[in-house]
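Report on one structure; see the data block that follows.
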Amino acid sequence: DGGITQSPKYLFRKEGQNVTLSCEQNLNHDAMYWYRQDPGQGLRLIYYSQIVNDFQKGDIAEGYSVSREKKESFPLTVTSAQKNPTAFYLCASSIGWSEQFFGPGTRLTVL
Amino acid sequence: AQTVTQSQPEMSVQEAETVTLSCTYDTSESDYYLFWYKQPPSRQMILVIRQEAYKQQNATENRFSVNFQKAAKSFSLKISDSQLGDAAMYFCAYRSAYLYGGSQGNLIFGKGTKLSVKP
């Protein structure tokens, strides 16, 4: 089955740690995105990538980093510089001008 | 910059009845796409319906339809014959059809409307 997978489903981070969230898609989509969702808020764009080896900052990129070494994969690293990382993180992908398809999300909690 | 506003934080509907969720947006562009996404308690984002701005005909997907008023910049979602499974957060989203610095027009979301369905 084609789709987008995110792992882990739940992630706990200690203060000062970097953690990496995985996002994989087998839809052969060129573009991939990372969003953050906080309670009572819509989704906010962190980073996006239109092609392999290229990515752009979104609206709230500070404290985050990404890589796009393969078309299928777009991991997100939450660094210690992110002051309030507790949130729900959603990965999405799209092809051309079409709608975005979303993964099931990762819930990150800072202990 | 484009913005999307959903003025109803919460809505409630009786099972089998019809409900309309509101969405307005602000843009100076003439070509764009509008979407409604559903987020049930599982938190999986699911595309409900999509509308191209250049199409005057309102999009319809089974029990879901939109009222797209381009001049008024309004994009409401009507759910007919509401079912218990329709209970979810609903997000309206805007996407530009233009390229800016390599972007293909990322989604801009409203803050969502929480829909409850009463049996």
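Values in this text are rule-based calculations from the coordinates and carry no lab data. The shown structure was predicted, so the numbers you read here are calculated from the model rather than taken from an experiment. Glycine also receives a Cβ, built like all others from the backbone with ideal geometry; neighbour counts cover every protein chain displayed.
Report, for chain A, the % of DSSP beta bridges that are antiparallel, rounded to 5. Once the DSSP bridges in chain A are tallied, antiparallel ones form about 90 percent.
Reducing region A:22-46 and region B:27-66 to their Cα centroids gives an inter-centroid distance of 18 Å. In the protein assembly as shown, what percentage of the DSSP-assigned beta bridges are antiparallel, given to the nearest 5? Restricted to the protein assembly as shown, the bridges split so that about 90 percent are antiparallel. In region A:56-86, whose amide N lies under 20 Å from the spot 7 Å out along Cα-to-Cβ of A:SER22? List them in ranges. From region A:56-86, the list is A:65-79. Placing a label point 7 Å from the Cα of B:GLN83 along the Cα-to-Cβ direction, the residues of region B:1-29 with a backbone N closer than 20 Å are B:12-21.
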